[in-house]
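Rule-based calculations on the coordinates, nothing more; no lab input. Please read these numbers as outputs of a predicted model, since none were measured by experiment. In this analysis, Cβ positions are derived from the backbone assuming ideal geometry, glycine residues included, and neighbour counts consider all displayed protein chains.
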Amino acid sequence: MVNSHGRFVWYELMTTDMEAATAFYTKVVGWGTQDVSMPGMPYTLFTVEGASVGGLMRLPEDAKKLGEKPSWIGYVGVDDVDAAANRIKRLGGAVYVPPQNILDISRFSVVADPQMATLALVQWLKPRREQPAEPSAPGRIRWHELFAADWEKAFAFYGELFGWQKANPESDATGAYQLFSAGEQTIGGMFTKPPTVRVPFWLYYFNVGNIDAAVKRVKAGGGQILEDPVEVSDGSWIVQCTDPQGAVFALVGTRNHKPIGYFERAASGNPSDPRSRRWSW
């Protein structure tokens, strides 16, 4: 196993309708499911070829009363959850859920960076049996993107917290898009969000096959497409969406042809390029 410190290792959807969300994502992304509920805590695993890639749980009532909406949250592996949570508070962030154990499997904490983008920390208490899959494999999460209030301040925070390093930046007249790496592997990018995006947040990109077929599945399942698919320079196509309960996510796939008259704009080498998109939610 590679060292998981500083890497996204788990993804979790908190939603208001677990049954509907399960049906939606299994059709759109092609995930399998496994019910691992415990008394008083319904929980479903999303799986790829028998390996778990994420989880699904009900949005807590207390969170709904505070105005929280359905959303995806990424878990970053750390060597010591308690030390990392304390460091986050010292760096100006917040700890929403203090460090606690999930049985004897893991120790986790839900936190926010100083700009209030939410994520979670996790420390495995037992060795993981599964080898990490290639991020480009079907059904896996390929890219992690931060919509920051100020990307430079955000990068300084995450660099000190997780040891992330800068990869080659992309920039133009609209500003910079900073790629970042963990353990010499480029895993995502961050940029200063446009005013139309109300609050900082993390966006996760799921691998699918043909992007046009995936778009049809999103629409058929009651989700929404936030804008038309965009091509990036490695030949992949991306599209941002919301599920029927309102959680935001993104897809990465391929396209066999270009529609007649389709306006193609060159994008950067990463799976996402904010310069060629219109954000309005």
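Can you compute the equivalent ellipsoid semi-axes for the stretch 8-124, i.e. the square root of 5 times each eigenvalue of the Cα gyration tensor, sorted largest first and rounded to whole Å?
One finds semi-axes of 25, 17, 13 Å for the stretch 8-124.
Among [x] 18.1, 56; [y] 17.7, 52; [z] 34.4, 117, find the value of Rg and Dmax of the Cα atoms in Å that was calculated from the structure presented, and write down its label.
Answer label, from the structure shown: [x].
Please give the length that would be gained between MET116 and LYS27 if that part of the chain were fully extended, namely 0.36 nm times their separation in residues minus their C-alpha to C-alpha distance (nm, one decimal).
That pair, MET116 and LYS27, stretches by 28.8 nm at full extension.
Within straight cross-link reach of LYS193, meaning Cα distance under 22 Å, which lysines are found once same-chain residues fewer than 8 apart are removed?
LYS69, LYS153, LYS166
Hey, can you grab everything whose amide H is under 5 Å from the amide H of SER52? Only 5+ residues off in sequence or another chain; H modelled, so Pro and N-termini drop out.
none
At a Förster radius of 51 Å, what calculated FRET efficiency corresponds to the Cβ-Cβ distance of ARG87 and ASN256, to the nearest 0.05?
Computed FRET efficiency for ARG87 and ASN256 comes out at 0.60.
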